[in-house]
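Novice: The structure's right below; bear with me while I get my questions together.
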Amino acid sequence: MARPPVTQLGQQTPMPDSPEAALLERVANPHPDTLYVARFTQPEFTSLCPVTAQPDFAHLVIDYVPNQWLVESKSLKLYLASFRNHGAFHEDCTVAIGKRLASVLDPHFLRIGGYWYPRGGMPIDVFWQHGTLPAGVWLPEQGVQPYRGRG
């Protein structure tokens, strides 16, 4: 398998202007014969409300069972940060991130949980999944408590 070039790791890289402009890179999985879960957690994800332009905040948890590819983590950080000036609803952001990762990585399985902080008094949690979890793979709970308010 040819190794794709990694252009951002180890380089000073400017913040992408938008999610569409962000370069999401991948590297070869050193254990393609082994089923395991890799998890990325982004507790300070930010995007903009497309109606009010007010900031929206979420805690994202991305779990995937790699096949031939791993996501290169610096490119993932830059991709997620590119949403800071991007106007989209919570559902759109969460599902778009999951679909983009699935497209780039072609994993055995991928799930994303978007735990959005309340705006207007109501939290919106968004979950998306690609593929079926392979038998025998341990997938821990995402560990994010549901919003309880002041109760």
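The values are calculated or read from the model by the stated rules, or taken from the named source; none is laboratory data. Predicted model, so just to flag it, every value in this text is computed and none were measured. Quick reminder, even Gly has a Cβ in these numbers, built from the backbone with ideal geometry, and neighbours come from all protein chains shown.
Novice: Going through segment 26-77 one residue at a time, which ones are over 18 Å from PHE109 (Cα atoms) and β-branched (Val, Ile, Thr)?
Specialist: THR46, VAL51, THR52
Novice: Looking at segment 1-31, which of its residues are among the charged types (D, E, K, R) and either surrounded by 15 or more Cβ atoms within 10 Å (Cβ to Cβ) or at pLDDT 70 or above (or both)? Full working, then the answer.
Specialist: Looking only at segment 1-31, we keep the residues that are among the charged types (D, E, K, R), and these are 3, 17, 20, 25-26.
The answer is ASP17, GLU20, GLU25, ARG26.
Novice: Which of the residues that make up segment 60-75 are part of a strand (DSSP E or B) and of a type in the set (Ser, Thr, Tyr)? It would help to see each step written out before you state the result.
Specialist: If we filter segment 60-75 for residues that are part of a strand (DSSP E or B), which is where we start, we get 60-65, 69-71.
Passing the criteria: only TYR64.
Novice: Confirm whether VAL71 is hydrophobic (A, V, I, L, M, F, W, C), in contact with an Asp or Glu (Cβ under 8 Å, 6 or more places away or on another chain) and under 19 Å from PRO134 (Cβ atoms).
Specialist: Here the answer is yes, as VAL71 does meet what is asked.
Novice: Related question: When ALA88 is evaluated against the numbered criteria (1) in contact (Cβ under 8 Å) with a residue 60 or more places away in the chain; (2) farther than 21 Å from GLY131 by Cα; (3) aliphatic (A, V, I, L, M), which criterion, by number, is the only one it fails?
Specialist: Of everything listed in (1) in contact (Cβ under 8 Å) with a residue 60 or more places away in the chain; (2) farther than 21 Å from GLY131 by Cα; (3) aliphatic (A, V, I, L, M), ALA88 misses just condition (1).
Novice: Out of segment 43-54, which residues are of a type in the set (Ser, Thr, Tyr) and in a loop (DSSP other than H, G, I, E, B)?
Specialist: First pass over segment 43-54, keeping only residues of a type in the set (Ser, Thr, Tyr): 46-47, 52.
Within segment 43-54, just THR52 meets the criteria.
Novice: For SER18, all conditions in the list (1) under 15 Å from TRP128 (Cα atoms); (2) touching a His at 6+ places or on another chain (Cβ under 7 Å) hold save one; what is the number of the exception?
Specialist: Failing condition for SER18: (1).
Novice: So, one more: Which is free of Cβ contacts under 8 Å to residues at least 40 places away in the same chain, assigned to a strand (DSSP E or B), under 26 Å from PRO140 (Cβ atoms) and among the aromatic types (Phe, Trp, Tyr), of PHE40, PHE57?
Specialist: Being free of Cβ contacts under 8 Å to residues at least 40 places away in the same chain, assigned to a strand (DSSP E or B), under 26 Å from PRO140 (Cβ atoms) and among the aromatic types (Phe, Trp, Tyr) holds for just one of PHE40, PHE57, which is PHE40.
Novice: To continue, here is another question. Please pick out the residue among GLY143, GLY131, GLY98 that is farther than 20 Å from MET15 by Cβ and loosely packed, with under 13 Cβ neighbours inside 10 Å.
Specialist: The conditions single out GLY143.
Novice: Further, regarding this structure: I'd like the full set of residues that are surrounded by fewer than 18 Cβ atoms within 10 Å (Cβ to Cβ) and not aromatic (Phe, Trp, Tyr), limited to segment 109-123.
Specialist: PRO118, ARG119, GLY120, GLY121, MET122, PRO123, listed by residue number.
Novice: If you check SER103, SER75, which single one turns out to be among the small types (Gly, Ala, Ser), at pLDDT 95 or above, over 20 Å from VAL144 (Cβ atoms) and crowded, with 20+ Cβ neighbours inside 10 Å?
Specialist: None of the others qualify; the one that does is SER75.
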